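The values are calculated or read from the model by the stated rules, or taken from the named source; none is laboratory data. Just so you know, these numbers come straight off a predicted model, no measurement behind them. Because the Cβ atoms are built from the backbone with ideal geometry, glycine has one as well, and the counts that use them run over all protein chains shown. For the accessible areas, the whole protein counts, side chains as well, though only heavy atoms, and no ligand, DNA or RNA atoms are used. Shrake-Rupley method; radii C 1.70, N 1.55, O 1.52, S 1.80 Å.
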Amino acid sequence: MDQAPLTSSQKGRVAEMGVALVATISGWHVTWPHGDGTRFDLVLIDPDGSPHRAQVKWGNLKGNVIGVHLSTSRLTPKRGYVQTRYSASEIDLVAVWCNGLATAYLLPIQDIKGLGYLHLRLTPALNNQSKGVRYASDYLFGAVAQLGERVAGSDEVRGSSPLSST
């Protein structure tokens, strides 16, 4: 049976649930803000007890790249469509759920500040470009050591980033 495409609201709910599942499995606590008016979707509390305001985004998998829209757009009566981006005064993290991989990623606001769109690469670029490339493995959410092929083509093991370690 074919499933109808998800609406943007459904994608948002699936993404929040996916991130919450990964967080819970990784030993984090998850809370949702009560009411409207916040720029964050979840509060993720790490194993040390530190809270992080997280804006959750759906990651579109296309080939070896996950694309993420980081800006919001809304229609206003006086100014038409207004596009906004997130700042450190509003959120601490962007949590990306890639449904195609059933995987979550955590990006500190400092790494995406000012961006409207983001690419997370799963593999090195065919032209070996590395400047400005963000590798998905660097932001993987979960308490596991990560094995990834680096730009030089050599395998290296590194521990999880501080945000995803337990």
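Tabulated results
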| quantity | calculated |
| --- | --- |
| Rounded to the nearest 10 Å², the accessible area of Lys113 at probe 1.4 Å | 150 |
| Amide H contacts under 5 Å for Gly59, placed H, 5+ residues apart | Trp97, Cys98, Asn99 |
| Charge sum, other residues only, whose C-beta stays under 14 Å from Lys11's C-beta, Lys/Arg counted +1 and Asp/Glu -1 | 0 |
| Net +/- balance of residues flanking Ile112 in space, Cβ distance below 11 Å, scoring K and R +1, D and E -1 | +3 |
| Rounded to whole Å, sorted largest first: equivalent-ellipsoid semi-axes of the stretch 24-73, Cα gyration tensor | 24, 17, 8 |
| Student exercise, the stretch 14-146 dipole from Lys, Arg, Asp, Glu Cβ charges, in Debye to nearest 20 | 680 |
| Accessible carbon and sulfur surface of the stretch 1-156 relative to its total accessible area, %, 1.4 Å | 52 |
| Formal net charge of residues neighbouring His52 (Cβ-Cβ distance under 14 Å; K, R +1; D, E -1) | -4 |
| Rounded accessible area per residue of the stretch 93-140, 1.4 Å, Å² | 49 |
| Cα-based shape type of the stretch 92-139, given that a ≥ b ≥ c are square roots of the gyration tensor eigenvalues and the cut on a/c is 1.5 | oblate |
| Listed residues Val133, Val56 arranged by accessible area, highest first, probe 1.4 Å | Val133, Val56 |
